[in-house]
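> Got a structure for you, written out below as structure tokens; questions coming shortly.
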Amino acid sequence: MSTFGSPGALPNTKPTPPQRGSFPLDHDGECKDVMMSYLSCIKKVKGVNQDECRQLAKSYLGCRMDHNLMAKDDFKNLGFKEDKTPSQAGANTNGVKGELQW
Amino acid sequence: MYKMICQTTGWGGQPVRAHGGSSSSSSPDEDITAKLIPITTSPRIRVSFSASVSDLLDWKFVPQQREVRVLPGETALAFYTATNNSDKDIIGVATYSVTPAQVAPYFSKIQCFCFEEQRLQAGETVDMPVFFYLDPDLLNDLNMRGVESVVLNYTFFKARYDDQK
């Protein structure tokens, strides 16, 4: 098939299957609440896919994993940074554990 | 696996992966994880959602959000909702398209509800997620300059052999 000879000929957009296949349907709405929180968040920020809503997206996928509606995987493989949960109120900042200076 | 088939045949001879096929060197998982780093120096791209239903399918099918604005490499979640408005269980199957055409190779679906049959009971409503990202390689494609908006469309059809039900 001849094109106009341009280097970037428009590709035929044949659909491709998803990398991890299809999501099982959540027939019982087990993760619906998390979904609703996520959708409210997205509406609030007018679609900007930043941390606040992405955390909810992560929770939604976690919910699916917990209910066997998605294969379990590390969140970093799904594009989410691993949370290093910060320790409570500077408890470990000076590294002197177990010493309570009253 | 679909992925291996698509990587070799691609579209019209063009490989699906825009950059060189280094599929032998690292595991596919590592390749993909390396792409899942949001490129914060890029402007956000608007992905908006549309939905259609074949005339033969008595379902309501709508997107649940107007748009999401994503960075290349940033995974995003979107939802559609489908309701079977008929009085019979129906099996549907969805396909999708991405416009403009030059974005299609970079629209990477991690998981969605397409291609596999989905059975909805009579009157049932169900939420259908799409989890995707835009491949950061799009930033190296001259055809993608000036592309600020993408439309993802899903269309549901009745599964052909379902006529007897």
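> Specify the residue that is farthest from A:ASP28 (Cα to Cα); the eligible residues are those in the range B:83-103 that are of a type in the set (Gly, Ala, Ser) and free of Cβ contacts under 8 Å to residues at least 40 places away in the same chain.
Applying the filter and picking the extreme gives B:ALA101.
> Of all the strands (runs of 3 or more DSSP E) wholly in the range B:116-158, which have at least 1 residues that are of a type in the set (Ser, Thr, Tyr), more than 17 Å from B:VAL93 (Cα to Cα) and within 8 Å of chain A (Cβ to nearest Cβ)?
Because the criterion is at least 1 residues that are of a type in the set (Ser, Thr, Tyr), more than 17 Å from B:VAL93 (Cα to Cα) and within 8 Å of chain A (Cβ to nearest Cβ), the strands (runs of 3 or more DSSP E) in the range B:116-158 that meet it are B:125-134.
> With respect to B:LEU56, determine if the residue is farther than 19 Å from B:SER97 by Cα and loosely packed, with under 15 Cβ neighbours inside 10 Å.
yes
All of the numbers you see were taken from the coordinates with simple rules; none came from a lab. All figures in this text were calculated on a predicted structure; none of them were measured in a lab. As a convention, Cβ positions derive from the backbone with ideal geometry for all residues, glycine included, and neighbour counts pool all protein chains shown.
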